[in-house]
Amino acid sequence: MAFREVTVVQIREALRRWLHGEGERTIARAIGVDRKTARRYIAAAIALDLDRSGGEGQLTDELIGRLTEAVRPHRTDGHGEAWRSLGAHEEEITAWVKDGLTVVKIGIFLERKGVTVPHRTLARFAVERCGAGRRTLTVRVDDPPPGSELQVDFGRLGLVPDGDKNRVCQALVFTACFSRHQFVWPTFAQTTEEVIRGFEAAWGFFGGVFPVVIPDNMASIVIKAENTAPRFNDVFIEYAQDRGFLIDAARVRTPTDKPRVERVVQYVQRNFFAGETFFDLADCRMRAETWCATTAGMRIHGTTQLRPAELFRAEELGLLGPLPGTPFDTPVWSEAKLHRDCHCQVAKSLYSASYTLVGQTLRVRRDSTAVKFYLRGELVKVHPRVGPGERSTDPADFPPGKSIYATRDVASLTRLAAAHGPSVAKYAAAILDTPLPWTKMRQVYRLVGLGVKWGSLRLDQACQRALEAEALDVNLVSRMLERAREDKAPDSNGGAPGGGVVVQGRFERDASEFSSNEAQGR
């Protein structure tokens, strides 16, 4: 027969009836105990000087305590003889536990040694003293203030139609910690973009933004889990900054960090999804929101004993942050190397950056309107977003002198040629006067190079004569300049034949450098 403790109330009632003259049999039947048990308590009370003539005033708490100790002596260590008998075999039991033996098997081994104890006693001994199935105590954390925390978790629902096939549907479950009001966002994916869409829908359902969000260690939010300093996804951090809430991720395999939402996942699975048939994901989402507002929101919660939706509207709604005014433009972060052409490829598009960064790997942030490039945390370039196959180039990113050709800037090349004289400008414009002017840019570049080599004055004169002869050939201009140098030596006045000007070549050395030591009087 199982042991059943006699309560203090039963003991007091037995003694009260005895003081009023009732017998042991009647008392035992009235308080629901055995007659021997009633006799034992009455005898112990008489031994403690309980007198029938003294009245009920004798039944003090002190007397009841002394009586209980007399009938059921307190165990100093909290355990009985069976427990103490296991103490001599503690090392053996510990070794068996380490070997993976079950408590039942350990009990069989002990019986072979002549040690027979109740299974429950052996199980408690193995847990408390030998490390079997050790459990830590769970301390209930107090509820946060209203409107301060929102716990989030993922859970698997089941199959939902998606076109002509069924797909596994997950549920992103949001639970307000104070009121227990909840929102469910069914989804086929766990990407960061999909999680952000779920959060946006949750803010709309709740009517505001919670200042603190406690998510599970889902990869779409937490890149690297760590108990004290988890590393979060950059995109989700940006989203949290934009919406004005803080992230306090739960620890790995620690459901006690988000207990308010942990059991709600099972509630959603069993009460909302189980046995239902949905047309598609949109139908599932619509019915999930209705279920949250009615069935889940208007039930009497087992802990708060209040309706979550009503408690939320009364205590939390007014404390939330404002609803977002515009949709969040979800960015995408990536890395790209700046190639020798001063361009990076990002999402099948090309964007330029400074030639001084060629060979560097840049951190790239792109959204629907802009692409930003960072190097070691410093913003180095910003471009407007262009479509796949398109290019966004800033001429200032090219090395000096390279931007005109790279960008096919015919007008700038014409101005560069005009710096060597008006005839050179006319000659360059005539060369470029074609349906495809950029195909003639190399000729104009060579023309400008002749000005650097022979001088602007000589080049301008040569271009003037070439224009008069209607000869648009840069090679001809070059030969004209070469022949002018190879003409007869200057006359006695230092002028060239025909009054021309002889221009000294860039690499021509002075005549004094060729004089011998004897000629210098050495």
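Derivation of every value follows stated rules applied to the coordinates shown; laboratory data play no part. Note that the structure is a prediction, hence the values are computed from the model and not measured. Using ideal geometry, Cβ is built from the backbone for each residue, glycine included, and neighbour counts are taken over all protein chains shown.
Based on DSSP H segments of at least four residues, each scored -39500 (n - 2.57), the chain has a per-residue ellipticity at 222 nm of -11000 deg cm²/dmol. Full extension of the chain segment joining Asn166 with Thr290 gains 42.4 nm, where the gain is 0.36 nm per residue of separation less the Cα-Cα distance. Our estimate of slack between Ile108 and Leu467, defined as 0.36 nm per intervening residue step minus the Cα-Cα distance, is 117.6 nm.
For the stretch 149-319, relative contact order (Cα pairs under 8 Å, six or more residues apart, normalised by length) works out to 27 percent.
By counting other Cβ atoms within 10 Å of each Cβ, how are Val33, Val141, Val346 ranked from fewest to most? Don't jump to the answer; show the numbers that get you there.
On the way: Val33 18, Val141 11, Val346 22.
The order, fewest Cβ neighbours first, is Val141, Val33, Val346.
For the pair the stretch 318-386 and the stretch 1-67, the centres of their Cα atoms are 84 angstrom apart. Phi angles of the stretch 125-133 translate, via the Karplus equation with coefficients 6.51, -1.76, 1.60 and θ = phi - 60°, into HN-Hα couplings of 5, 5, 6, 7, 10, 10, x, 7, x Hz per residue; Gly and Pro are given as x. Counting Lys and Arg as +1 and Asp and Glu as -1 over every other residue whose Cβ lies under 14 Å from the Cβ of His420, the net charge comes to +4. Suppose R0 equals 22 Å. What FRET efficiency, 1/(1 + (r/R0)^6) with r the Cβ-Cβ distance, do Leu457 and Asp433 give to the nearest 0.05? Efficiency, from the Cβ-Cβ distance: 0.35. Per-residue extension of 0.36 nm, minus the Cα-Cα distance of Ala82 and Tyr374, leaves a gain of 98.0 nm for this segment.
For Gln360, the residues whose modelled amide H falls within less than 5 Å of its own, excluding neighbours fewer than 5 places apart on the same chain, are Leu338. Between Arg156 and Arg129, the modelled label-to-label distance comes to 4.2 nm, taking each label 7 Å out from Cα in the direction of the beta carbon.
Per-residue Karplus couplings for the stretch 290-307, computed as 6.51 cos²θ - 1.76 cosθ + 1.60 with θ equal to phi - 60°, are listed in order as 4, 5, 5, 6, 10, 4, 6, x, 9, 6, 7, 5, x, 8, 7, 6, 9, 7 Hz, Gly and Pro entered as x.
Decide, for the stretch 18-166, between rounded, prolate and oblate: order the square roots of the alpha carbon gyration tensor eigenvalues as a ≥ b ≥ c, take rounded if a/c falls under 1.5, and otherwise choose prolate if a/b is larger than b/c, else oblate. It is oblate, given that a/c is not under 1.5 and a/b is not larger than b/c.
Once the other residues with Cβ under 11 Å from the Cβ of Val268 are scored (Lys, Arg +1; Asp, Glu -1), what is the net sum? Show your work: numbers first, answer last.
Working: positive: Arg156, Arg263, Arg270; negative: Asp153.
Result for the neighbourhood of Val268: +2.
Within the stretch 311-325, name every residue whose backbone N is under 17 Å away from a label modeled 7 Å from Cα of Arg299 along the Cβ vector. What the label zone holds, given the 17 Å backbone N cut-off, is 311-312.
Which shape class, rounded, prolate or oblate, goes with the chain when its Cα gyration tensor gives a ≥ b ≥ c as root eigenvalues, a/c under 1.5 marks rounded, and past that a/b bigger than b/c marks prolate? Prolate. Sum up the charges of everything whose Cβ sits under 14 Å from the Cβ of Gly244, counting Lys and Arg as +1 and Asp and Glu as -1, but leave Gly244 out. Surrounding charge for Gly244 is -2.
The distance between label points at Glu91 and Ser53 comes to 6.5 nm (points 7 Å beyond Cα on the Cα→Cβ vector). Rounded to 0.05, the FRET efficiency of the Val332 and Glu62 pair, given R0 = 56 Å and the Cβ-Cβ distance, is 0.15. Annotation: amide H-H contacts under 5 Å for Ile223 (H modelled 1.01 Å from N, sequence separation of 5 or more, or interchain): Arg231, Phe232, Asn233.
Most exposed first by the Cβ proxy, i.e. fewest other Cβ within 10 Å, how do Ile27, Ile46, Ile300 rank?
Details: Ile27 24, Ile46 13, Ile300 9.
If I rank by nearby Cβ atoms, fewest first, I get Ile300, Ile46, Ile27.
Counted by neighbouring Cβ atoms within 10 Å, the residues Phe206, Phe174, Phe188 run from fewest to most as Phe188, Phe206, Phe174.
Here is the link list: Lys224/Lys372; Lys224/Lys258; Lys381/Lys426; Lys224/Lys381; Lys348/Lys381. Which ones come out longer than 27 Å on Cα distance? Don't skip to the end; give the middle numbers.
Details: Lys224/Lys372 25 Å; Lys224/Lys258 19 Å; Lys381/Lys426 38 Å; Lys224/Lys381 29 Å; Lys348/Lys381 18 Å.
The pairs that break the limit, which is 27 Å between Cα atoms, are Lys381/Lys426; Lys224/Lys381.
Between Arg270 and Arg29, take the C-beta separation as r, use R0 = 41 Å, and let me know the FRET efficiency to the nearest 0.05. For Arg270 and Arg29, the calculated efficiency is 0.35. Close amide-amide hydrogen proximity is noted between Asp394 and Ser352, each under 5 Å apart and 5 or more residues distant or on a separate chain (H modeled in the peptide plane; Pro and chain starts excluded).
Is the C-alpha gyration tensor of the stretch 149-319 telling us rounded, prolate or oblate? Criteria: a/c under 1.5 is rounded; beyond that, a/b larger than b/c is prolate, otherwise oblate. Could you put the intermediate results ahead of the total?
Numbers: a/c = 1.55, a/b = 1.09, b/c = 1.43.
Cα axes put the stretch 149-319 in the oblate bin.
Sequence-ordered 3J(HN,Hα) estimates for the stretch 200-214 from the Karplus curve with 6.51, -1.76 and 1.60 and θ = phi - 60° stand at 4, 5, 5, 4, x, 5, 6, x, x, 10, 6, x, 10, 10, 10 Hz, glycine and proline given as x.
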